[in-house]
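Worksheet for the structure shown next.
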Amino acid sequence: MSFITRGFSGRSRDRDPRLPPGQTLVDDWPVLSAGATPRIDTEEWSFRIVDETGAKHEWNWDELLALGVEDLTLDIHCVTHWTKLDMPWRGVSLDKLFEDVESQHDYVMAHSYGGYTTNLALEDLLDGKAWIATEADGEPLSPEHGGPARLLVPHLYFWKSAKWIRGLVMQPRDDPGFWEQNGYHLHGDPWLEERYW
Ligand SMILES: Nc1nc2c(c(=O)[nH]1)N[C@H]1C(S)=C(S)[C@@H](COP(=O)(O)O)O[C@H]1N2
Ligand SMILES: [Mo]
């Protein structure tokens, strides 16, 4: 009997296939911030990409939104084991922001207002995989969740989605950011459980 039912019984049958290994579903949206919450008005907010020549490609709030926003429904996965499914988001694709950026470098360091950093490979940011998010759950992003704008890279653990995003600096190597220097994985794929290293 156990031979027949094995694999069809117990927890595995109820487990949502969108839940990566080691993750648990939550309905609320926890706040996880390493320091104080910066308050940045959209009037003074800007986002920049800095290439290896030091040239800055910069957008203010209106210029960002003028690139075109997308509405998305996606899942977010925190390394502290919670996953939130089917979240509505709105944001500008990084493909739009990188359209006029010429660089030989394959990595970026994301920098936030307040000093947080996280490292990313360019290939994890392009081809419809990442956004500068301005809204979630149908509302402008609250300061606690990174408003007015945060990086959104849903296919990696959520620490890569830098809140209060300030800009991206092109990098020749995959140097570690804030949590990565403190033991978090350089890449952070939740399906491979790339949590720590
Ligand atoms: N600037 C900044 N971005 C950050 C963090 C942070 O401390 N500062 N925490 C990261 C971590 S560890 C997680 S899990 C998510 C949490 O986002 P939330 O508070 O909106 O849930 O933001 C990420 N981005
Ligand atoms: Mo996190």
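Regarding Thr53, is this residue farther than 30 Å from Pro21 by Cβ, open to solvent by 40 Å² or more (accessible area, probe 1.4 Å), among the polar types (S, T, N, Q) and in a loop (DSSP other than H, G, I, E, B)? The answer is yes for Thr53. Within segment 114-123, identify whether any single residue is within 23 Å of Thr42 (Cβ to Cβ) and among the aliphatic types (A, V, I, L, M), and answer yes or no. Looking for residues that are within 23 Å of Thr42 (Cβ to Cβ) and among the aliphatic types (A, V, I, L, M), one finds none in segment 114-123, hence no. Residue-level check: of (1) surrounded by fewer than 22 Cβ atoms within 10 Å (Cβ to Cβ); (2) within 9 Å of ligand 1 (Cβ to nearest atom), Gly146 misses just (1). Does Gly91 satisfy being within 12 Å of the chain's Cα centre (by Cα), away from ligand 2 (no atom under 16 Å from the Cβ), open to solvent by less than 10 Å² (accessible area, probe 1.4 Å) and under 24 Å from Pro20 (Cβ atoms)? The answer is yes for Gly91.
Here the strands (runs of 3 or more DSSP E) wholly within segment 121-197 that include at least 3 residues being within 16 Å of ligand 2 (Cβ to nearest atom) are 150-152.
The values are calculated or read from the model by the stated rules, or taken from the named source; none is laboratory data. These figures come from a predicted structure and were not determined experimentally. Cβ sites come from the backbone with ideal geometry, for glycine too, and all protein chains shown count toward neighbours. Please note that ligands, DNA and RNA were not included when accessible areas were found on the heavy atoms of the full protein model with its side chains. Shrake-Rupley method; radii C 1.70, N 1.55, O 1.52, S 1.80 Å.
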